[in-house]
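A.B. asks: Below is a structure I'd like to ask you about.
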Amino acid sequence: MGSVGKGVIELLLSTAPHPAKLILCDVVQKQDELDALKRRLTQEFGFNGPIEIVIADQALTREFYHATCIIGATNNVDILAIDQLRSGTIIVDDSAPHCFNETDAMHRTTTQNDILFIEGGVVQLPHPIGEVKKQIRRDADTILPSIITDRPPSYITSCILGSILLYRFRALGRTIGLVEPHQAVEYFDKFQALGITGCTHFDSYFSGMKEALPANRVERFIETTRKKPTT
């Protein structure tokens, strides 16, 4: 449960309806940090639901797969087993490489339409981006992820966007170290004001697969799962 997981969960509890349950997952060395975060979420963010701590080093436990909204930020490749996910699960993955098998995920999405997975580090702007590209080496398209070399024109990685926002909106302020909840909320509010949203693009760093989930699949997924509680 590093900086990404901590920042996301605190932003979620600050800006959205609270989920029915939270599951905090990390390696055994992070046990004390997980216990401290659990207390913080209850005492400072007013979360009244159950908070379960799952310790997973080489493989995820059965308890972890009770979750229906998973935020991934890990260096453990393919640790998330697609076939064990509950129907209605959404995966937002900021891992590089991804924490699950991309081919298995796409197959289940297209055949069963009961899970969704998107990039956690990419957002969509309300308008296409004008840019000038200079290719330094001829094989750049083969060694760089497609989200950099061949992305949809309105998509941008959040690490690049963060610098642009700081330059354009000085009131946001610079951050050093772990993001504080009020800082995350300020950026979240700015995203909403500017019409910046999540994206349905998915990029594979290694398999060469590059897919965009069709809009009708997203709508169908939302329609069939909107009434289910999430954890």
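A.B. asks: How many residues are closer than 22 Å to Gly2 by Cβ and either at pLDDT below 90 or surrounded by 12 or more Cβ atoms within 10 Å (Cβ to Cβ) (or both) when one looks only at region 158-190?
C.D. replies: 20
A.B. asks: On to the next question. Might you check whether a residue that is within 20 Å of Phe117 (Cα to Cα) and either at pLDDT 95 or above or among the polar types (S, T, N, Q) (or both) occurs anywhere in region 50-57?
C.D. replies: Within region 50-57 (the criterion being within 20 Å of Phe117 (Cα to Cα) and either at pLDDT 95 or above or among the polar types (S, T, N, Q) (or both)), the answer is no, since none of the residues qualifies.
A.B. asks: What tally of residues in region 191-211 results from selecting those that are among the hydrophobic types (A, V, I, L, M, F, W, C), surrounded by 13 or more Cβ atoms within 10 Å (Cβ to Cβ) and either at pLDDT 75 or above or under 16 Å from the mean Cα position of the chain (by Cα) (or both)?
C.D. replies: Selection size over region 191-211: 5.
A.B. asks: Just to check your reading of the model, which residue among Ile9, Ile23 is over 21 Å from Phe188 (Cα atoms), among the hydrophobic types (A, V, I, L, M, F, W, C), in contact (Cβ under 8 Å) with a residue 40 or more places away in the chain and surrounded by 16 or more Cβ atoms within 10 Å (Cβ to Cβ)?
C.D. replies: Going through Ile9, Ile23 in turn, the sole match is Ile23.
A.B. asks: Still on this structure, I have one more. Looking only at region 92-105, count every residue that is over 14 Å from Val4 (Cβ atoms) and in contact with a strand residue (DSSP E or B) (Cβ under 6 Å, 6 or more places away or on another chain) and tell me the total.
C.D. replies: Total satisfying the criteria: 2.
A.B. asks: Does at least one position in region 135-157 carry a residue that is crowded, with 17+ Cβ neighbours inside 10 Å, of a type in the set (A, V, I, L, M, F, W, C) and at pLDDT 80 or above?
C.D. replies: Yes, region 135-157 has at least one match.
A.B. asks: Can you give me the number of residues within region 102-131 that are under 14 Å from Leu161 (Cα atoms), hydrophobic (A, V, I, L, M, F, W, C) and under 15 Å from the mean Cα position of the chain (by Cα)?
C.D. replies: 2
The values are calculated or read from the model by the stated rules, or taken from the named source; none is laboratory data. If you're wondering where the values come from, they're calculated on a predicted model, not measured in any experiment. Positions of Cβ are backbone-derived with ideal geometry, glycine not excepted, and every protein chain shown enters the neighbour counts.
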